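Below you'll find the structure, written out as structure tokens, and then a few comments.
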Amino acid sequence: SFVLNAWDLYRFYHTAESEVLAVRGVSLKVTAGEMVAVMGPSGSGKSTLLNCLSGIDEPDGGYVEIMGQRITRKAERERAAIRAKHIGILLQKENLIPHLTVKENICLQMALAGQIDYKRIEELLGELGMIERQYAYPRQLSGGENARAGLAVALASDPALLLADEPTGEVDRKTEELILDLLAAKCKQGLTAITSTHSLIIAARADRIVALQDGRINDAG
Ligand code: ADP
Ligand code: ADP
């Protein structure tokens, strides 16, 4: 069985001037422990695809199942519940709520997923090397600490699937390697990660590369 099963996804954007076919007929099956890199030029549909997979956005066609549970064609509230339970989201920035400490940010994410587990918070902070910085506010963190705290929040609910949209777009090489090491270790333990990226460093570490071109998977890529 698949952690993620997406079938024939379509997403159009209708604007006053034009109609953009952002995702056209994308199908994707991903199993436990896999690390997938979604690559493609700017505008090829990477963000749109990830938003459809997470249920943040509803595709115009096709369906998505997460852990055997359909997330598409459901009310936003139901999609949010499935997302909170099974999916962690890592963005380039703004993973943290600025007026909450690192620990409070993690607590909040756990609360959204159902329950706060203080033992798990300690574990997470330890794994990510953030025990000493748990009472810091996001603006007090260095770039690397910010990235690690963002990952802690993304992993707070112990998700089966991590969706990361260009997570290392704005960090230095050392931080990128750190995030990748942490992700690879998590994938060894069974986490599934789908990462959109321009980074060849991430691509080299991925089990599989999905190449997007004009909203389609480019099989030659
Ligand atoms: P990528 O993440 O690969 O840069 P996106 O998914 O952001 O690609 O964008 C895919 C295409 O859809 C682009 O042509 C982009 O301009 C268009 N697009 C994305 N979001 C919107 C939107 N909210 N409204 C209209 N067009 C959009
Ligand atoms: P990325 O390349 O990282 O996906 P973009 O710069 O393409 O980022 O898009 C940033 C945001 O702008 C996205 O939320 C996307 O939905 C929105 N967007 C992108 N293209 C358009 C567009 N043509 N019209 C309206 N919104 C857009």
Item to check | GluC sites (Glu not before Pro) within the range 158-197: DSSP coil, no more than 11 neighbouring Cβ in 10 Å | outcome: none
Checklist entry - In the chain, what % of DSSP beta bridges are antiparallel (nearest 5)? => result 50
Checklist entry - For residue 110, what charge total do you get from the other residues with a beta carbon under 10 Å from its beta carbon, if Lys and Arg give +1 and Asp and Glu give -1? => result -1
Next on the checklist: Give me the mean projected area, in nm² to one decimal, of the convex hull enclosing the Cα positions of the range 1-91.
Outcome noted: 6.4
Next on the checklist: Can you compute the charge dipole magnitude of the range 36-134 about its Cα centre, using +1 on each Lys and Arg Cβ and -1 on each Asp and Glu Cβ, nothing else charged? Give it in debye, rounded to the nearest 20.
Outcome noted: 160
Next on the checklist: Across the chain, what fraction of all alpha-carbon pairs, as a whole percent, falls in each successive 5 Å bin from zero upward?
Outcome noted: 1, 7, 15, 19, 20, 17, 11, 7, 3, 1, 0
Checklist entry - Normalised by the number of residues in the chain, what is the relative contact order in percent for Cα pairs under 8 Å and 6+ residues apart? => result 31
Next on the checklist: Show me the three semi-axes of the equivalent ellipsoid for the range 152-193, from the C-alpha gyration tensor (sqrt of 5 times each eigenvalue), largest first, rounded to whole Å.
Outcome noted: 18, 12, 8
Item to check | Accessible area (Å², per residue) of the chain, counting only protein heavy atoms and a probe of 1.4 Å | outcome: 49
Checklist entry - Out of 166, 19, 104, any idea which swings most in a Gaussian network model of the chain, alpha carbons joined below 10 Å? => result 19
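The values are calculated or read from the model by the stated rules, or taken from the named source; none is laboratory data. Because the structure is predicted, anything quoted here is derived from the model rather than measured. Because the Cβ atoms are built from the backbone with ideal geometry, glycine has one as well, and the counts that use them run over all protein chains shown. Just the protein is used for accessible areas: all its heavy atoms, side chains included, with ligands, DNA and RNA removed. Shrake-Rupley method; radii C 1.70, N 1.55, O 1.52, S 1.80 Å.
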